[in-house]
Amino acid sequence: MKDDFIFGLRPVIEAIEAGKTIDKVFVQNALQGPIYAELKAILAKNKIRPNYVPVEKLNRFTRKNHQGVVAFISDVPFHKVEDIVPQLFEQGKTPFLLILDRLTDVRNFGAICRTAECVGVDAIIIPEKGAAPINSDAIKTSAGAIYNIKICKENNLAHAVDFLQQSGISVYAASEKAQKLIYDVNLTEPCAIVMGNEETGISKEVLHHADEKIKLPIEGKTQSLNVSVACGAILYEAVRQKMTAIPNP
């Protein structure tokens, strides 16, 4: 991970001014000083929301003089969903999107990106806070697929869901408590699939905003699947529906 982050007030300021893609910024609680004030202004200007944390967390990233600031950088550019969706409709596409609500495991994220790119997902939407870092481990696990799929980082996933619905895109939340199976909804129309955190699932706010809750059938004693496996099964059901909807020549 050492190649994925920088530390120190001035280096972080210079990275942002140089146009580096900032994945996450961690700032020590109650940090003060004129250089920090400069960093704070630059963060606000670039709409980068810092995570305020105890100094002990920063010390876990590096034991060097971090000056109370550590920033993770990414080779992957971030997009906004309000820019992506109109482009998809203008191109005559049927939007097929994936929302990952606070997934924290880097390898799960990378594996999902690989599957999503393989099945033709147009974009993956993640929250600014609480998501796995998009670092070299994620890129490696995705087999480079992250470079070939648009990643949208949003401040509020519930608001992003509202925007999708207003754009004519149905939002389906994958939940073990759902009544409908994935086979009972139409995934050939404009849609977005929501997958939740590995431990707590989809947040109540996002779940409340979704059009439908859907689930995979579980026949064994184990009542849940790994999120990347579950996501792959759902995405390929969408592929199956699209293929069977195409008339034979």
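The values are calculated or read from the model by the stated rules, or taken from the named source; none is laboratory data. This structure is a prediction, so every number in the text was calculated from the model and none was measured. Here the Cβ positions follow ideal geometry from the backbone for every residue, glycine too, while neighbour counts run over all protein chains shown. When the accessible area is computed, the model is the full protein with side chains, heavy atoms only, and any ligands, DNA or RNA have been set aside. Shrake-Rupley method; radii C 1.70, N 1.55, O 1.52, S 1.80 Å.
Key figures for this structure:
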{"read-out": "In order through the stretch 145-161: 3J(HN,Hα) via Karplus (6.51 cos²θ - 1.76 cosθ + 1.60), integer Hz, x for Gly, Pro", "value": "5, 4, 5, 10, 9, 6, 10, 9, 9, 10, 5, 9, 5, 4, 5, 5, 4"}
{"read-out": "Beta bridges per DSSP with both ends in the stretch 98-218, % antiparallel, nearest 5", "value": "5"}
{"read-out": "Most to least accessible of R102, R114, R60 (protein chains only, probe 1.4 Å)", "value": "R60, R114, R102"}
{"read-out": "Heavy-atom accessible area order for C191, C118, largest first, 1.4 Å probe", "value": "C118, C191"}
{"read-out": "For the stretch 69-134 and the stretch 202-249, distance of Cα centres in Å", "value": "17"}
{"read-out": "Within the stretch 39-195: Cβ-based charge dipole about Cα centre, in debye rounded to nearest 20 (Lys, Arg +1; Asp, Glu -1)", "value": "860"}
{"read-out": "Solvent-accessible surface (1.4 angstrom probe) belonging to F78, in square angstrom, nearest 10", "value": "50"}
{"read-out": "Acute angle (nearest 10 degrees) that the helix 227-245 long axis makes with the longest principal axis of the chain, alpha-carbon atoms", "value": "40"}
{"read-out": "Net dipole in debye of the stretch 170-228 [+1 Lys, Arg Cβ; -1 Asp, Glu Cβ; about Cα centre; nearest 20]", "value": "160"}
{"read-out": "V55 - accessible surface, heavy atoms, 1.4 Å probe, Å² rounded to 10", "value": "50"}
{"read-out": "Positive-end extreme of charge dipole, the stretch 40-143 - chosen from P95, A143, S74 (charges on Cβ)", "value": "S74"}
{"read-out": "Virtual spin-label span in nm between Q179 and E212, 7 Å along Cα→Cβ", "value": "1.3"}
{"read-out": "Sequence of V76, V239 from largest to smallest accessible area, 1.4 Å probe", "value": "V239, V76"}
{"read-out": "In Hz, Karplus ³J(HN,Hα) per residue of the stretch 20-32 (6.51, -1.76, 1.60; θ = phi - 60°; x = Gly, Pro)", "value": "5, 7, 8, 7, 9, 10, 10, 10, 5, 3, 6, 5, 10"}
{"read-out": "Per residue Cα convex hull volume in Å³ - calculated over the stretch 199-249", "value": "116"}
{"read-out": "Net charge over other residues, Cβ less than 15 angstrom from the Cβ of G33 (K, R count +1; D, E count -1)", "value": "+1"}
{"read-out": "Residues whose placed amide H lies under 5 Å from that of E154, excluding near-sequence neighbours", "value": "I126, E128"}
{"read-out": "Accessible area in square angstrom per residue, the stretch 28-86, 1.4 angstrom probe", "value": "61"}
{"read-out": "Square roots of five times the Cα gyration tensor eigenvalues for the stretch 55-148, Å", "value": "30, 15, 11"}
{"read-out": "Whole-percent carbon and sulfur share, accessible surface of the chain, 1.4 Å", "value": "49"}
{"read-out": "For the stretch 1-100, size of Cβ-based charge dipole, Lys and Arg +1, Asp and Glu -1, in debye", "value": "380"}
{"read-out": "Relative compactness, the chain, computed as alpha-carbon Rg over 2.2 N^0.38 Å", "value": "1.09"}
